[in-house]
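A quick write-up on the structure given underneath.
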Amino acid sequence: MNSKKLLSETRRTFPATEVQCQQPSRTLIVDATSPSWANTCSVLSEALENTLCLARALAGPCRVPLLSVYAVQRQQECLLPFTAVRESFPRVQACLSELRSLPRDGALPAGPRGAARAAQDALQQFKQHSRHSAHGALEITILTSQPSKEMVKQLENNLKDVDLMSLRRIQVIEVLRRDFVEPEAVEQGGPAEEPGGSDIAILGMDIDVQTIEDNVISLEMLFKTWLHDYGTEREHVHLLLPSGAFGHATAPKPSLMCLKCDLQERLLDPALLSGAADGTTRAADVNSPCQMAAWPATVLHELRVVKALKAEGVCESVLYGLPFIIRPTSCWQLDWDELEMNQHSFQALCRGLLKRKWMLLAKREPQNSSANWNSVVHPYYIIAPSDSATLLLKAVATRELLLPSTFPALPAEHPERARGAVESALNSLEVEVAYNPLHLKSNLYKYLKSVLYKPLQRQPAQPRDQRPERHQPKQHQSRAKATVAPLLMAPSPVQAFRPAATQRDSCERSLFPTEDEEFLQ
């Protein structure tokens with residue numbers, strides 16, 4: 001709890017008016033020193049490619065604004081300097097190709113020290129880059145097969161003298177080989193929605209430590225957390241309930257209980273991908289009175305609970321639209337005591353609804369209090385509880401939207417011949433206890449790659465052991481430029497930046513170009 005307080009205080013140093021892009025920039029550090037790197041490389045590349053294709057194709061504000069990628073072998077190597085994912089996707093494509101070309105037989109173990117130094121380099125480069133942009137926060141994700149405790153220790157040693165004001169979070173993901181994972185976890189086909197982990201307080205902030213299996217689904221779900229809304233400047237929803245208990249015979253009090261909540265998408269809206277084929281992607285109409293936008297959360301919604309409903313009395317056919325997840329807010333502008341009390345009240349509401357087997361019917365209040373109430377559309381929503389300390393929000397039909405549905409009742413008797421044929425067909429179907437969306441693929445990734453990928457105009461790749469070093473001494477400057485420039489496809493002036501000066505051995509230098517070796521045509 002204390003470490004989270006420190007993190008909240010650190011975030012307060014970024015005024016909302018100064019941070020135009022709430023999504024943090026990302027640095028991915030890949031430890032390629034494991035003997036099992038051959039398997040990890042293929043699944044990691046596929047999972048990262050799938051997620052970045054989604055991030056590039058989604059309409060609206062970019063969910064991964066800047067990305068940099070490091071590989072750690074005998075020394076750290078920057079495969080991708082900070083790059084705008086949407087505007088410079090060919091450079092991302094080149095990075096993915098370079099990641100796949102890393103040696104598959106495992107390199108000499110460099111230990112966690114190389115990853116820690118890569119994190120230090122990323123912070124220095126982000127500090128340089130943020131001077132010319134509005135990207136005010138950085139999150140670092142380290143994928144390693146090394147013990148996470150040793151990695152955290154090295155991070156502490158290497159970052160204790162580094163300015164961490166722009167660092168929002170560090171994730172240390174320990175990738176487990178399949179033979180080290182419990183059989184029950186393998187049968188599930190993937191991790192839980194949010195992989196379990198622990199927070200370690202270090203340097204006044206939290207380091208999120210997790211373990212994950214080395215398969216495409218697990219890594220893909222890890223990277224997809226980048227697509228969530230990370231803006232914590234304000235809460236998204238005020239859930240307004242009567243101050244008294246439900247169903248009391250006494251007159252309701254005028255005061256209201258307000259639970260401050262955040263909205264989280266459960267699914268990506270397919271409408272945001274509808275124009276990927278011709279490049280005319282469009283954002284969903286968030287101004288529609290019958291829609292509620294969860295990303296980006298630009299407005300505060302007020303949902304007033306009007307009554308409780310028996311769960312068995314809600315027909316699924318009157319629910320429509322994409323589902324949203326409601327959870328207690330993590331807005332850093334609230335006091336810690338208020339956040340804690342709000343979370344406890346939210347959990348008590350979930351337990352109370354589960355115990356009674358109730359759902360809530362809520363009405364969205366108009367955002368403009370001075371609006372003419374005679375012309376304001378009031379959307380209604382069903383709020384359903386779950387045992388995961390979250391609520392499910394779905395729009396529910398009103399009188400104006402409902403179409404007639406006078407269907408005849410199912411007859412009690414039917415011809416035996418038809419019954420036998422149908423029963424035989426049903427008996428031949430495979431039966432699953434529950435629906436698992438991880439078992440179904442629609443070929444969306446394949447489609448996006450065919451649309452987004454363009455042939456790279458670059459020279460045939462050479463074996464890595466025959467390639468010149470990325471950074472040569474100054475007398476070999478022209479040769480180094482000729483090797484690197486086709487690979488990174490000449491960054492724009494906004495994306496070109498200079499590294500901060502550091503005192504290092506030549507074998508442990510940052511692999512970013514020096515001022516004289518800047519990527520210029």
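Once phi is turned into ³J(HN,Hα) by the Karplus curve 6.51 cos²θ - 1.76 cosθ + 1.60 with θ = phi - 60°, what whole-Hz value does each residue of segment 385-401 show in order, with x for glycine and proline?
Karplus values, whole Hz, x for Gly and Pro: x, 8, 8, 9, 6, 9, 10, 9, 10, 9, 5, 10, 5, 10, 4, 5, 8.
At a 10 angstrom cut-off on C-beta neighbours, averaged per residue, how do the peptides 55-61, 160-166 rank from highest to lowest?
Ranked from most to least packed, the peptides come out as 55-61, 160-166.
What are the ³J(HN,Hα) couplings of segment 28-33, residue after residue, when phi is run through the Karplus curve with 6.51, -1.76, 1.60 and θ = phi - 60°? Round to Hz, x for glycine and proline.
Per-residue couplings from phi come out as 10, 10, 10, 8, 9, 9 Hz.
Report, in listed order, any pair from K149/K441; K260/K357; K260/K310; K224/K363; K260/K394 with a Cα-Cα distance greater than 29 Å.
K149/K441; K224/K363
Order of 356-362, 419-425 by packing, highest average Cβ count within 10 Å first?
Top of the packing list down: 356-362, 419-425.
With r defined as the distance between the Cβ atoms of A421 and E316 and R0 fixed at 22 Å, what FRET efficiency is calculated, to the nearest 0.05?
With a Förster radius of 22 Å, E is 0.20.
Go through K446, K260, K127 and list them by solvent-accessible area, largest first, probe radius 1.4 Å.
K446, K127, K260
L79's amide H: which non-local residues (gap 5+, or another chain) put their own amide H closer than 5 Å, with H modeled 1.01 Å from N in plane and none for Pro or chain starts?
V69, Y70, A71
On the protein heavy atoms, probe 1.4 angstrom, tell me the percent of accessible surface of segment 393-444 carried by carbon and sulfur.
60
Per residue, how much accessible area does segment 317-422 have with a 1.4 Å probe, in Å²?
On a per-residue basis, 67 Å².
Can you put K310, K363 in order of accessible area, largest first, using a 1.4 Å probe?
The ranking, largest first, comes out as K310, K363.
What residues qualify as long-range amide H neighbours of L334, i.e. H under 5 Å apart, gap of 5 or more or another chain, H built at 1.01 Å from N?
none
Which of the peptides 380-386, 168-174 is most tightly packed, and how do the rest follow, judged by the mean count of other Cβ atoms within 10 Å per residue?
Ranking the peptides 380-386, 168-174 by packing returns 168-174, 380-386.
How far, in nm, would the chain grow between I217 and Q291 when pulled straight, counting 0.36 nm per residue and subtracting the alpha carbon separation?
Going from the current span to full extension adds 23.6 nm.
Tabulate in residue order the Karplus-calculated ³J(HN,Hα) for segment 441-453, using 6.51 cos²θ - 1.76 cosθ + 1.60 with θ = phi - 60°, rounded to whole Hz; enter x for Gly and Pro.
Computed from phi, the couplings for segment 441-453 are 10, 10, 6, 5, 4, 4, 5, 5, 5, 5, 7, 7, 7 Hz.
For L263, what residues show an amide H to amide H distance below 5 Å, using hydrogens built from the backbone and excluding near sequence neighbours?
Those lying under 5 Å, H to H, from L263 are H236, V237.
The values are calculated or read from the model by the stated rules, or taken from the named source; none is laboratory data. Here the structure is a predicted model, which is why all the values come from computation and not from measurement. Heads up, the Cβs are rebuilt from the backbone with ideal geometry, glycines too, and the neighbour counts pull from every protein chain shown. We work out accessible area using only protein heavy atoms, side chains counted, and drop any ligands, DNA or RNA first. Shrake-Rupley method; radii C 1.70, N 1.55, O 1.52, S 1.80 Å.
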